[in-house]
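K.L.:
Starting off with a structure, shown below.
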Amino acid sequence: MILPHKAHVALVDGENFTLFCNEGQVEEPRLVEVDKPDLEATNFSAGIRHQDNIGRNLGRTQLDELAHGAAAAEWLNAKAIAGEIAALLVIADPKTLGEMRRHYHGELKDRLVGEIDKTLTGQPTARLEAAIVAAD
C-alpha cells in the first residue's frame with residue numbers, strides 16, 4: 001500500500017488506540033507515535049444490534065469493545081473535521097473496524113487512504129510498517 005508522507009495511521013482494537021504519523025516515504029513508511037488518546041466509551045449503540053445473550057455469553061459480542069471502536073471513530077471524525085488529519089489509514093481488528101465504519105463522518109471518509117483489517121495492536125512498529133507495505 002502506498003502511504004502518503006505525513007499521513008496518519010490509527011491503530012485500534014477494542015481496548016487500545018494509538019495514532020502514528022508516517023515520517024517516511026510513500027513506499028517505505030516510517031511510523032512515529034504522535035498520540036495515544038484516552039477515550040471515554042459512551043456510545044453503546046451497538047447494543048441495539050447485539051441483543052443476543054448467547055453471543056455475549058460466548059464472547060462473540062463485547063459491547064465495551066464496540067463502544068471503544070465507536071469512540072475512536074468519533075475522535076478521528078473530530079480531527080478530520082478540524083482539518084488536523086489530511087490522510088488516514090485505519091488498522092483495526094475486523095470487529096472493531098466494522099463498528100468504526102458505522103460511525104465514520106463524511107469528512108473522515110474523504111481522508112481515508114485505506115483500511116487494514118488485522119489485529120496488530122501491541123506489535124512493534126516495524127511489523128506495522130511491514131503490514132502496510134504488504135497491504136493491497
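Values quoted throughout were computed directly from the atomic coordinates according to the rules given, and no laboratory measurement underlies them. Remember, predicted model here, so these are calculated numbers, not experimental data. Virtual Cβ from ideal backbone geometry, glycine too; neighbours counted across all protein chains shown.
K.L.:
Just grab the label-to-label distance for Leu63 and Glu15, each label 7 Å out from Cα along the Cβ direction, in nm (one decimal).
P.N.:
Calculated label separation equals 2.0 nm.
K.L.:
With labels modelled as points extended 7 Å from the Cα through the Cβ direction, what inter-label distance (nm, one decimal) is found for Ala78 paired with Ile2?
P.N.:
3.3
K.L.:
Which net charge results when you count Lys and Arg as +1 and Asp and Glu as -1 among the other residues whose beta-carbon is under 13 Å from that of Ile91?
P.N.:
-3
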